[in-house]
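*Asks:* The following block contains the structure, expressed as structure tokens.
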Amino acid sequence: MGTKRRKRALPVAVAVLALLAATGCVSTPGAPAEPTDAPSASAARSVARVCAKPVGGPSKAPAGAVPVDPAVVGDLAARTRSSPANTTFWLRPGKHRLEPERHAQVVPKKGNRYLGAPGAVLDGRKTNQYAFGGSARDVTIRHLTVQGFVAPHDEGVVNHDSADGWVIEHAKIQYNSGAGLMAGARQRVRANCLRGNGQYGMNAYQAAGRISDLVVEGNEIVANNKDDWERRRPGCGCTGGVKFWSVDGADVSGNWVHDNRGAGLWADTNNNDFRIEDNVLEANDGAALIYETSYNAVIRKNTIRRNNWVEGRKYADRDDGFPFATVYLSEAGGEPRIKARTDKIEIYRNVLENNWNGITLWENADRFCNSPANTSSGACTLLVKDTDRCTRPAIAAAPLYTDCRWKTQRVDIHDNRFVLDTSVVGCTVKCDRMALLANYGTYPDWSPYQGERVAEAITRKQHNRWHDNVYLGPWHFVAHDPSRVLDPGQWQSTPYKQDAGSTFQPQDGG
């Protein structure tokens, strides 16, 4: 039986290799994720090996820079305090330490620059909570390893206070508690190793308001959420490689996001105008990408493989019929009334290979402004400034009936290649789904979205469309609600009429 199964899988494997060779990648289907310091050939060609081969900093102090001595405890913070704004600091090789107090962090002044020599490490020794904090703008950190800090849950080690305009490049931010890095507006995060942090590699959150103009480019984001916060606080939605909150304008490109516990990238609550492109997202325990209660994005030219095996299998083993996906859009869609570089969510020219399920477009009929089922802690849509307006009777009529609900709408999925070999993933059922669905609305009792209204809307009325894709393997489709599992012919036929112009090749080649 095993031999026959391998022969049946051959056309899929051949097609995968041909595709990846044509795009400059060569993959070994089913191979386990390799350690960070020894990435596969495909990943090495696709993204920088940042953790294994970081770009070294200056071996001598640049002209005018203030040298910092690792032999003097607290030297970095003291020299920062005694120097004016716009000073450049050069950290000598060795292990730099702060004073042995929780809040002995460095507090930069505007325009300060911190450059690490080869071998320069700032070590929190499991004593200091934060490495760099304060509200100073336009701070730069380059070529420095930051490790061993113990930030509390939901807080971060570098740029703890989410100040604006920071540039973090060629740094290793690793093995800390909480988030390795926080983010503010106009932040540039390039070519860093964000590895093994307790909660997030980066938490893009600013308590004062929305973050604008964020760039996350060419980083290796690996093995984060090592403290497994979803197990410690079930349903917290507080984990992953990177979490984005209320970010307006982000370019996320050329990153290698792999082997994180939970999701790889997670945009949660009123994000807008994202471009997620040319990334390699692989071997994350949960979804490669979650885009939730957010707006307007382009997701293109990403390689997405071997994701969601841990979480997908967990729910399948519980006989949960929900199509937990590798790319998961939850109450997220295009909205022309919100300014962005696009007015829809467009997902195209991606390769999804041997993940647990594919793309799910989901809308929770019970989740809207002022509903107790809204897990976004009192937030409302970007279309309603006064949340209190979203109550009865006004919510039952235009415009609030539409504007009080995050809608999965105007999603265009085309020219992607979806590859599934169940012998590689190690599954027989519930790992082969694409989905477009909602639940039956029931809650609260004053909700105007009860019954099948939202399921009908997301399936037939909100301009969600698959077309011109290529499917290799035994794909099935879920439409309207979790009980409707369709084969490709049913998916393409009335009333769903999805995937016009797409091609389907079963796993056995016929």
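The values are calculated or read from the model by the stated rules, or taken from the named source; none is laboratory data. In this text, all values refer to a predicted model and were calculated from it rather than measured experimentally. Don't worry about glycine lacking a Cβ; one is built from the backbone with ideal geometry, like all the others, and counts go over all protein chains shown. Side chains included, ligands, DNA and RNA excluded: accessible areas come from the protein's heavy atoms. Shrake-Rupley method; radii C 1.70, N 1.55, O 1.52, S 1.80 Å.
*Asks:* List pairs: first residue in segment 452-465 and free of Cβ contacts under 8 Å to residues at least 60 places away in the same chain, second residue of a type in the set (Ser, Thr, Tyr) and exposed (fewer than 15 other Cβ atoms within 10 Å of the Cβ) anywhere in the structure, Cβ distance under 8 angstrom, at least six positions apart or on different chains.
*Replies:* Going by the 8 Å Cβ cut-off, the qualifying pairs are Glu452/Tyr440.
*Asks:* Here's something else I'd like to know. Any residue in segment 259-271 that is closer than 10 Å to Ala332 by Cα sitting within a Cβ distance under 6 Å of a residue that is of a type in the set (A, V, I, L, M) and modelled with pLDDT of 95 or more? List the pairs, counting only those 6 or more apart or interchain.
*Replies:* Hits for this filter: Asn270/Leu382; Asn271/Val247.
*Asks:* Taking only segment 187-241 into account, find how many residues are surrounded by fewer than 24 Cβ atoms within 10 Å (Cβ to Cβ), hydrophobic (A, V, I, L, M, F, W, C), modelled with pLDDT of 95 or more and within 20 Å of Glu311 (Cβ to Cβ).
*Replies:* Summing the residues that are surrounded by fewer than 24 Cβ atoms within 10 Å (Cβ to Cβ), hydrophobic (A, V, I, L, M, F, W, C), modelled with pLDDT of 95 or more and within 20 Å of Glu311 (Cβ to Cβ) in segment 187-241 gives 1.
*Asks:* With the structure loaded, tell me whether Lys126 is assigned to a strand (DSSP E or B) and open to solvent by 10 Å² or more (accessible area, probe 1.4 Å) or whether it fails that test.
*Replies:* no
*Asks:* Right, something else. Residue by residue through segment 149-178, note down the ones that are assigned to a loop (DSSP other than H, G, I, E, B), open to solvent by less than 10 Å² (accessible area, probe 1.4 Å) and under 24 Å from Arg232 (Cα atoms).
*Replies:* Phe149, Ala151, Asn176, Gly178
*Asks:* Out of all the residues in segment 279-319, which are free of Cβ contacts under 8 Å to residues at least 24 places away in the same chain and of a type in the set (Asp, Glu)?
*Replies:* Selection gives Asp317, Asp319.
*Asks:* Same structure again: Kindly provide the set of residues from segment 425-435 that are more than 28 Å from Ser371 (Cβ to Cβ) and either of a type in the set (Phe, Trp, Tyr) or surrounded by 15 or more Cβ atoms within 10 Å (Cβ to Cβ) (or both), ordered by number.
*Replies:* Matches in segment 425-435: Val425, Cys427, Lys430, Cys431, Asp432.
*Asks:* What's the total number of residues in segment 49-64 that are closer than 16 Å to Ala117 by Cβ and either within 23 Å of the chain's Cα centre (by Cα) or among the aromatic types (Phe, Trp, Tyr) (or both)?
*Replies:* Count: 1.
*Asks:* Does Gly441 satisfy the criteria of being small (Gly, Ala, Ser), surrounded by 15 or more Cβ atoms within 10 Å (Cβ to Cβ), under 20 Å from Ile395 (Cα atoms) and in contact with a helix residue (DSSP H, G or I) (Cβ under 9 Å, 6 or more places away or on another chain)?
*Replies:* yes
*Asks:* Since Ile299 meets every condition but one in (1) in a strand (DSSP E or B); (2) closer than 29 Å to Trp446 by Cα, which condition does it not meet?
*Replies:* The single condition Ile299 does not satisfy is (2).
*Asks:* Turning to a different aspect of this structure: Among the listed residues Gly249, Gly321, Gly333, which satisfies the condition of being more than 28 Å from Tyr175 (Cβ to Cβ), more than 13 Å from the chain's Cα centre (by Cα) and at pLDDT below 95?
*Replies:* Exactly one of Gly249, Gly321, Gly333 is more than 28 Å from Tyr175 (Cβ to Cβ), more than 13 Å from the chain's Cα centre (by Cα) and at pLDDT below 95, namely Gly321.
*Asks:* What's the total number of residues in segment 97-123 that are open to solvent by less than 70 Å² (accessible area, probe 1.4 Å), part of a loop (DSSP other than H, G, I, E, B) and either farther than 16 Å from Leu144 by Cβ or of a type in the set (Ser, Thr, Tyr) (or both)?
*Replies:* Qualifying residue count, segment 97-123: 3.
*Asks:* Residue under question is Pro495, and the condition is that it be without any contact (Cβ under 8 Å) to a residue 40 or more places away in the chain, in a loop (DSSP other than H, G, I, E, B) and open to solvent by less than 60 Å² (accessible area, probe 1.4 Å); does it hold?
*Replies:* Yes, satisfied.
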